[in-house]
Amino acid sequence: MKVRNSDRFLNAFARIEKHLRRTTASDHTIGFSALLTKARGRDASLRAYEVDLREYADLRNAIVHERSGGEPIAEPHDDVVRKIEGIADLITRPPGVEFFKGKVTSFNPDDPIALAVRAMYAKSYSQAPIYENGHFAGLLTTNTIARWLGAQASEDIFSLQETPIREVLRFSEDDDNHSFLSRKATLFDVLELFHAHERRGRRLDAVLITENGAPSEKPLGIITAWDLPKVMEAIHVGPREP
């Protein structure tokens, strides 16, 4: 027997509501709208789909309360059902940054810039974190290297082998081009960081993943602007195949 769209919709909505009550330790005296307001501050996935969820709350109320002969007066469209089921999956099991964990190529400020240039060329990296005595010292980008090269062009005498990375870092266009997240963060948190920089008219080149999101911790992974399509794909909810 085929499950009705209204039942599928209500089941998905119930999963979301149960998750919100559990994560906020709220009882059933709090309505869904107030519950969502309470929970959104601590969950980036809720902020991403808040508008949808508030609209779905109205639809839930219509399905539950407006019935004719014990039957819902309307059945949600297939795409609506698939979308709320997708949102329920993402909210209850948000994709984490683990996908981007792996060995991070980093350098010391006293390393010659030639060392970084060779590695970045060989691996097609556009940025690399710099660490000094285990503490983050800056983000070396291809743009920074280009600015440094431009400053040397008038002299026409410079050495990639003798110039330390710390000298090149002085030509960084923006010291606020990076951020940190803990290994427990979600891809929704990542996307919010990129959007926050964009709203301020700034560019975020990379998000570094560490144990607790601290600059003094070993990098466990890195997410760059080039990875944004992968991030968007992982958290996008569209019509799904039944």
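Summary of computed values
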item: Of VAL97, THR210, SER26, farthest towards positive along the dipole that unit charges on Lys, Arg, Asp, Glu beta carbons give the chain; result: SER26
item: C-alpha long axis of helix 50-65 to longest principal axis of the chain, angle in °; result: 10 degrees
item: Listed residues LEU220, LEU115, LEU20, most fluctuating in the chain (Gaussian network, C-alpha, under 10 Å); result: LEU115
item: Fewest-first sequence of THR105, THR210 by Cβ atoms within 10 Å of each Cβ; result: THR105, THR210
item: Ranked list, fewest to most other Cβ atoms within 10 Å of each Cβ, for ARG82, ARG93; result: ARG93, ARG82
item: Residue exposure sequence - TYR121, TYR131 - by fewest surrounding Cβ within 10 Å; result: TYR121, TYR131
item: The stretch 79-118 shape via C-alpha gyration tensor axes, a/c threshold 1.5; result: prolate
item: Set of aspartates and glutamates near LYS184 by C-alpha distance (under 20 Å), chain-local residues within fewer than 8 positions excluded; result: ASP43, ASP89, GLU98, GLU192, GLU211, GLU217, ASP227, GLU233
item: When each of LYS2/LYS38; LYS123/LYS218; LYS83/LYS123 is checked by Cα-Cα distance, pairs over 30 Å; result: LYS2/LYS38; LYS83/LYS123
item: Unit charges on C-beta of K, R, D, E only; dipole of the stretch 99-235, Debye; result: 460 debye
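Values quoted throughout were computed directly from the atomic coordinates according to the rules given, and no laboratory measurement underlies them. Since the model is a prediction, treat every value here as computed from it, not as a measurement. Backbone-built Cβ (ideal geometry, glycine too); neighbour counts: all protein chains shown.
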